[in-house]
Amino acid sequence: MSRYPTTEENDDHEDPSDTHPLQPAYYAEQALLGALLLEPQRLADVTGIEPSSFSEYAHGALFAAICGRPAPDPLQHTLDTSWLNAVLTAAREHARGLTASYLHTLIQVCPWPRHASTYARMIETDHARRTMRAHAMRLVQTARDDTLPHPVPAILAAVDALADAVDEIAARFPPPSGPLQRI
């Protein structure tokens, strides 16, 4: 018996070439990591995110490795790849699929390293959106679960978790203090 499905068996499954487009935050993650690999001193400009803020596990592992290494001297960084090699080695402990080639790709796709803080804010915003969606989905699943012996406490706990997430996100993204400008 063959390990690979036959053409008839493939008809029941999705076409592997039918992929969903990547979310814009994926490109912001790549741009931020590229900026930090190219100019590690820009990490001082990055706030509001942590490795778990990334939508891709490998990106979070790479960000943790960057944060775990002191930034090299900018001049020395342009002359050798020792810092990049150390970052890659540390990141590979958690994401084995990372390669030097992918780090090179990240550096290439970064349009402007000076915008690292903006890329970080985009990642933070996307993380907040994913967090809200996850809590809302848990609430819907709990509300629809007819196997729960006591559904009301479970639903209220899911509502409380959603409310806590909303409060935490609202604190991170305060409304503008002045009147909004008309464009």
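Just one of (1) within 27 Å of ARG42 (Cα to Cα); (2) open to solvent by 90 Å² or more (accessible area, probe 1.4 Å) trips up SER101, so point out which. If we test SER101 against (1) within 27 Å of ARG42 (Cα to Cα); (2) open to solvent by 90 Å² or more (accessible area, probe 1.4 Å), just (2) comes out false. Within region 21-39, if we keep just the residues that are over 14 Å from TRP112 (Cβ atoms) and surrounded by fewer than 21 Cβ atoms within 10 Å (Cβ to Cβ), the residue that is farthest from the chain's Cα centre (by Cα) turns out to be PRO21. Taking the condition of being of a type outside the set (Gly, Ala, Ser), modelled with pLDDT under 90 and not in a helix (DSSP H, G or I), how many residues in region 1-46 meet it? Of the residues in region 1-46, 17 are of a type outside the set (Gly, Ala, Ser), modelled with pLDDT under 90 and not in a helix (DSSP H, G or I). Beta carbons closer than 9 Å, at least 6 apart along the sequence or on distinct chains, pair a first residue in region 80-103 that is touching a residue at least 60 places away in the same chain (Cβ under 8 Å) with a second that is of a type in the set (A, V, I, L, M) for LEU103/LEU33; LEU103/LEU37; LEU103/LEU62; LEU103/LEU84; LEU103/VAL87; LEU103/LEU88; LEU103/ALA91.
Here ALA158 fits the description: of a type in the set (A, V, I, L, M, F, W, C) and open to solvent by less than 50 Å² (accessible area, probe 1.4 Å). Residues of region 44-59 that are surrounded by fewer than 18 Cβ atoms within 10 Å (Cβ to Cβ) and among the hydrophobic types (A, V, I, L, M, F, W, C): ALA44 alone. Count of region 126-141 residues, restricted to those that are touching a residue at least 60 places away in the same chain (Cβ under 8 Å) and open to solvent by 40 Å² or more (accessible area, probe 1.4 Å), is 2.
For region 104-125, the set of residues classified as hydroxyl-bearing (Ser, Thr, Tyr) and open to solvent by less than 60 Å² (accessible area, probe 1.4 Å) consists of THR105, SER117, TYR119, listed by residue number. Output yes when any residue across region 142-155 is under 28 Å from TYR57 (Cα atoms) and either open to solvent by less than 90 Å² (accessible area, probe 1.4 Å) or part of a helix (DSSP H, G or I) (or both), and no when none is. Looking for residues that are under 28 Å from TYR57 (Cα atoms) and either open to solvent by less than 90 Å² (accessible area, probe 1.4 Å) or part of a helix (DSSP H, G or I) (or both), one finds at least one in region 142-155, hence yes.
The values are calculated or read from the model by the stated rules, or taken from the named source; none is laboratory data. A quick note: this is a predicted structure, and the numbers were derived from the prediction, not measured. So basically every Cβ, Gly included, is an ideal-geometry build from the backbone, and we count neighbours across all protein chains shown. Just so you know, the surface numbers come from the protein's heavy atoms only, side chains and all, with ligands and any DNA or RNA stripped out. Shrake-Rupley method; radii C 1.70, N 1.55, O 1.52, S 1.80 Å.
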